[in-house]
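S.K.: For reference, the structure I am asking about is given below.
The values are calculated or read from the model by the stated rules, or taken from the named source; none is laboratory data. None of the values given here were measured: they were computed from a predicted structure. Every residue, glycine as well, gets a Cβ built from its backbone with ideal geometry; the counts of neighbours run over all protein chains shown.
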Amino acid sequence: MFPRRALKPYLAEFLGTALLIVLGDGVVAQCLLSDYQYGTWLSINIAWAAAVCLSGYLSDPSPTINPAVTICTALVRPSAGQWRTIPGKLVAQFLGGFVGAAIVYVNYRSAIKAWDPEYTIPWGSILSPSGHHSAGIFSTYPSAFFESNWEAVFAEVLGSAVLMFGCLSISDPGNAHRFPAPQLSMFLLLLSIGAALGWQTGYALNPARDFGPRLFSSIIYGREVFTAAGYYFIVPLFAPIVGCTVGAMTYDGMLFEGEGSRVTDALDKAEEYGSLRLQ
């Protein structure tokens, strides 16, 4: 048996990610299935940002609900025993994404069947006569005008870098007096990323947000959710990890003045070594 207190960090990751998907995929479903009569692109951005904000209140410290952030933090700002918790947190995050997508499907099952009776996939082999592709409710697919998936890689890396850069700025102890409500600051950060950078790829920024629901959607739509658009699922699975690492290294290398960053420590050592050589 595991004590509840020991399980709380993992339960917070699971429930936080599930909440993210219920609200995030839920707003996409409402907008698409109503042909945007009951929602807009702004609705989508607000709901995703609010979901991230609300998940931050589930525990202290707040769950990351994002494998890219979890892995990036362990790489750039490691702490004692951190790597031992990562496998459990990643499982909780991906499982939360899967369960959240299942809840959304049960809630909108009849509406999906009426809107897209063929159960089609963007970039899939089955064409919808009405142009409706309901698999896009659950996970992200690239815009049709991309000439290659590398353009989508750049978009996801950029968005994830901005996300991590902003997260570290909000959580920086030197900025604590400026951000008395960090969850609200995260709301504004996600809202701005979605409004400025989200359109082309659906701004996954989070492997669990995309892969967990995609895995569930494969039960309904088949394995083509993984092969569509040139195996596009690989992009939101790995690009956010690269982007978050770039954002963290940029912030720590240029602005961070605290302790515990491998980037800051390496730069401090390089400066000390250089000064000794000049002497």
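S.K.: Looking only at the stretch 227-267, which residues are of a type in the set (Phe, Trp, Tyr), surrounded by 18 or more Cβ atoms within 10 Å (Cβ to Cβ) and closer than 26 Å to Trp48 by Cα? Step through it out loud before you land on a result.
M.R.: In the first step, residues of the stretch 227-267 are kept if they are of a type in the set (Phe, Trp, Tyr); the result is 231-233, 238, 251, 256.
Among the residues that remain, those that are also surrounded by 18 or more Cβ atoms within 10 Å (Cβ to Cβ) are: 232-233, 251, 256.
Matches in the stretch 227-267: Tyr232, Phe233, Tyr251.
S.K.: Another question, if that's okay. Considering only the stretch 11-27, state which residues are farther than 18 Å from Gln183 by Cα and surrounded by fewer than 22 Cβ atoms within 10 Å (Cβ to Cβ).
M.R.: The answer is Leu11, Val22, Gly26.
S.K.: Here's another thing I want to ask about it. Check Ser134 against each of (1) under 17 Å from Leu23 (Cβ atoms); (2) of a type in the set (Gly, Ala, Ser); (3) at pLDDT 95 or above and name the one condition it does not meet.
M.R.: (1)
S.K.: Determine which member of the set Asp210, Asp172 is among the acidic types (Asp, Glu), crowded, with 16+ Cβ neighbours inside 10 Å and modelled with pLDDT of 95 or more.
M.R.: On the way: Asp172 fails: modelled with pLDDT of 95 or more.
Just a single option satisfies the conditions, and that option is Asp210.
S.K.: Is the stretch 146-154 home to any residue that is over 24 Å from Val27 (Cα atoms), under 16 Å from the mean Cα position of the chain (by Cα) and part of a helix (DSSP H, G or I)? Show your work before the answer.
M.R.: First pass over the stretch 146-154, keeping only residues over 24 Å from Val27 (Cα atoms): 146-151, 153-154.
Imposing the further condition that a residue be under 16 Å from the mean Cα position of the chain (by Cα) reduces the set to 153-154.
With the extra rule that they be part of a helix (DSSP H, G or I), the set shrinks to 153-154.
Checking the stretch 146-154: at least one residue is over 24 Å from Val27 (Cα atoms), under 16 Å from the mean Cα position of the chain (by Cα) and part of a helix (DSSP H, G or I).
S.K.: Looking only at residues in the stretch 195-207 that are under 11 Å from the mean Cα position of the chain (by Cα) and on the phi < 0 side of the Ramachandran plot, which one is surrounded by the fewest Cβ atoms within 10 Å (Cβ to Cβ)?
M.R.: Step one: of the stretch 195-207, the residues under 11 Å from the mean Cα position of the chain (by Cα) are 202-207.
Within this subset, residues satisfying the condition of being on the phi < 0 side of the Ramachandran plot are 204, 206-207.
On the way: Ala204: 27, Asn206: 30, Pro207: 25.
That would be Pro207.
S.K.: Do the conditions hold for Trp150, that is, is it among the aromatic types (Phe, Trp, Tyr), in contact (Cβ under 8 Å) with a residue 60 or more places away in the chain and surrounded by fewer than 23 Cβ atoms within 10 Å (Cβ to Cβ)? Let's see the steps before the verdict.
M.R.: Values: among the aromatic types (Phe, Trp, Tyr): yes; in contact (Cβ under 8 Å) with a residue 60 or more places away in the chain: no; surrounded by fewer than 23 Cβ atoms within 10 Å (Cβ to Cβ): yes.
Criteria not met by Trp150.
S.K.: Sticking with this one: When both residues are 6+ apart or on different chains and their Cβ atoms are under 9 Å apart, which pairs have a first residue that lies in the stretch 39-51 and is over 15 Å from Ile21 (Cα atoms), and a second that is of a type in the set (Ser, Thr, Tyr) and part of a helix (DSSP H, G or I)?
M.R.: Here the result reads none, with nothing in the stretch 39-51 linked to a residue that is of a type in the set (Ser, Thr, Tyr) and part of a helix (DSSP H, G or I).
S.K.: While we're on this one: Residues that are at pLDDT 95 or above, within 25 Å of Trp199 (Cα to Cα) and in contact with a Lys or Arg (Cβ under 8 Å, 6 or more places away or on another chain): does the stretch 4-19 have at least one?
M.R.: Within the stretch 4-19, one or more residues are at pLDDT 95 or above, within 25 Å of Trp199 (Cα to Cα) and in contact with a Lys or Arg (Cβ under 8 Å, 6 or more places away or on another chain).
S.K.: Report, by residue number, each residue of the stretch 186-203 that is over 16 Å from Asp60 (Cα atoms), in a helix (DSSP H, G or I) and in contact with a helix residue (DSSP H, G or I) (Cβ under 6 Å, 6 or more places away or on another chain).
M.R.: Quick first cut of the stretch 186-203, residues over 16 Å from Asp60 (Cα atoms) only: 187-203.
Checking the rest, the ones that are also in a helix (DSSP H, G or I) come to 187-197.
Within the stretch 186-203, Phe187, Leu189, Leu190, Leu191, Ile193, Gly194, Ala195, Leu197 qualify.
S.K.: How about the stretch 128-145: which of its residues are free of Cβ contacts under 8 Å to residues at least 24 places away in the same chain and part of a helix (DSSP H, G or I)? Explain how you work it out, then say what you get.
M.R.: Initial filter on the stretch 128-145 (free of Cβ contacts under 8 Å to residues at least 24 places away in the same chain): 128-131, 133, 144-145.
The answer is none; no residue qualifies.
S.K.: On to the next question. Please state which one of Pro122, Pro87 is exposed (fewer than 15 other Cβ atoms within 10 Å of the Cβ) and closer than 23 Å to Asn206 by Cβ.
M.R.: Exactly one residue qualifies, and that residue is Pro87.
S.K.: Would it be correct to say that Pro129 is surrounded by fewer than 22 Cβ atoms within 10 Å (Cβ to Cβ) and within 30 Å of Ala266 (Cα to Cα)? Give the derivation first.
M.R.: Working: surrounded by fewer than 22 Cβ atoms within 10 Å (Cβ to Cβ): yes; within 30 Å of Ala266 (Cα to Cα): no.
Answer is no for this residue.
Residue-by-condition table, conditions (1) modelled with pLDDT of 95 or more; (2) surrounded by fewer than 18 Cβ atoms within 10 Å (Cβ to Cβ):
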residue	(1), (2)
Ser59	no, yes
Ile65	yes, no
Gly96	yes, no
Ala102	yes, no
Asn107	yes, yes
